[in-house]
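The next block holds one structure in the form of structure tokens; read it before the comments.
The values are calculated or read from the model by the stated rules, or taken from the named source; none is laboratory data. For clarity, every value in this text was computed on a predicted model and none was experimentally measured. Note that each Cβ is placed from the backbone with ideal geometry, even for glycine, and that neighbours are counted across all protein chains shown. Ligands, DNA and RNA are stripped out before the accessible areas are found, and what is left, the full protein with its side chains, is counted by its heavy atoms. Shrake-Rupley method; radii C 1.70, N 1.55, O 1.52, S 1.80 Å.
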Amino acid sequence: MTDKRIDRTRFAFDLVAIDVDGTLLDSHNKLTDETEAAIHAVRDQGIGVTLVSGRGHLPLRELLQRLDLQQPFIGSGGAYIADPITGQVIEHSLLDRKDIEIIVGLARAAQVGIFFEEQQRLIGEAKPEFMNSIRAISGVEVTETQDILRDTEEAPTKMFMTSDHAVLVSLEHEIRQRQLNVNLVYSAPIYLEATRLGVNKGSGLHRLAAHLGIPVERIAVIGDGGNDVSMFQVAGLAIAMGNALPEVKAAADVIAPTNDAGGVAWALRELILKQTS
């Protein structure tokens, strides 16, 4: 059934889905007044705006509230979709516990930071520098543990590992050799994410479109990371930030300015509000 909060308008898109880190937020992890104003201008024209992020729903909560976003959001790299108004959980895909145990063993051997996103917390087994970095980026408290498997009873919605890119590439190779039931993707060169096999931002976008009753072709997406490519492949318009990796830009329809040069605000003004059906 079509969500009544989306109004059919003369514009080419019913919904704009925006990545958070490296896209919505600038390099100082801040939401600028220009970007916030552009989002409100789009919403004022009856076009829905939502967030599609690798972050879990707890780190997204403050942004959702500040922007007064009313459309369901996609978190944890596509594994968690929920309505910020009603609290309804539309999709929640968990990793398999046996797969997690294997990945944690490999990650420990590689000496990388290991983090689990659970529904009510973010928990990490990592060196202090990794813990502090994740706390600063996510804006939420991270539960610290010396044994992430011992201190978690269920499999998480998503797990991610952080280290130098070369170390993560080697770890990724080791994980893929095990042919586990997981989807691996880089949200940034120093972050390797794992969600359940078949779960990514693209699958999340399809699920959200079905829930809202709109075609994915009438959704525009904006992103910068490797985990955004899957939604670029299904959306009606894919916009890469100027700070995106080359392979992400290659998958996009349009390149916007960087996140420090008001790229999201530019895209909303020039590519969304100026396009008509």
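Here are the numbers for the structure shown:
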read-out	value
Among (1) in contact with a Pro (Cβ under 7 Å, 6 or more places away or on another chain); (2) at pLDDT below 95, the one test that A12 misses	(1)
Qualifying positions in segment 204-249 - in contact with a strand residue (DSSP E or B) (Cβ under 7 Å, 6 or more places away or on another chain) and of a type in the set (S, T, N, Q)	N227
Condition met for G22 (farther than 17 Å from L205 by Cβ, modelled with pLDDT under 95, open to solvent by less than 40 Å² (accessible area, probe 1.4 Å) and in contact with an Asp or Glu (Cβ under 9 Å, 6 or more places away or on another chain))	no
Positions within segment 25-54 being within 14 Å of D224 (Cβ to Cβ) and either surrounded by fewer than 15 Cβ atoms within 10 Å (Cβ to Cβ) or among the small types (G, A, S) (or both), in sequence order	S27, N29, S53, G54
Checklist (1) free of Cβ contacts under 8 Å to residues at least 40 places away in the same chain; (2) buried (at least 17 other Cβ atoms within 10 Å of the Cβ) applied to R66, failing item	(2)
Failed item, numbered, when H206 is tested on (1) on the phi < 0 side of the Ramachandran plot; (2) in contact (Cβ under 8 Å) with a residue 24 or more places away in the chain; (3) touching a Ser or Thr at 6+ places or on another chain (Cβ under 8 Å)	(3)
Test: residue in segment 33-51 that is closer than 19 Å to A188 by Cα and touching a helix residue (DSSP H, G or I) at 6+ places or on another chain (Cβ under 7 Å)	yes
Every pair of residues 6+ apart whose Cβ atoms lie under 6 Å, when the first sits in segment 112-135 and is buried (at least 16 other Cβ atoms within 10 Å of the Cβ) while the second is of a type in the set (K, R)	E117/K158
Some residue of segment 262-274 being in a strand (DSSP E or B) and not small (G, A, S)	no
Matching residues, segment 250-277, being more than 21 Å from R43 (Cα to Cα) and in contact with a strand residue (DSSP E or B) (Cβ under 8 Å, 6 or more places away or on another chain)	A251, A252, D253, V254, I255
Any hit, segment 187-204, residues being over 30 Å from R97 (Cα atoms), modelled with pLDDT of 95 or more, open to solvent by 10 Å² or more (accessible area, probe 1.4 Å) and not aromatic (F, W, Y)	no
In segment 85-133, the residues that are under 19 Å from the mean Cα position of the chain (by Cα) and part of a helix (DSSP H, G or I)	S133
Counted residues, segment 136-186 - those being modelled with pLDDT under 95, part of a helix (DSSP H, G or I) and either exposed (fewer than 12 other Cβ atoms within 10 Å of the Cβ) or not β-branched (V, I, T) (or both)	2
Any hit, segment 206-216, residues being buried (at least 24 other Cβ atoms within 10 Å of the Cβ) and at pLDDT 95 or above	yes
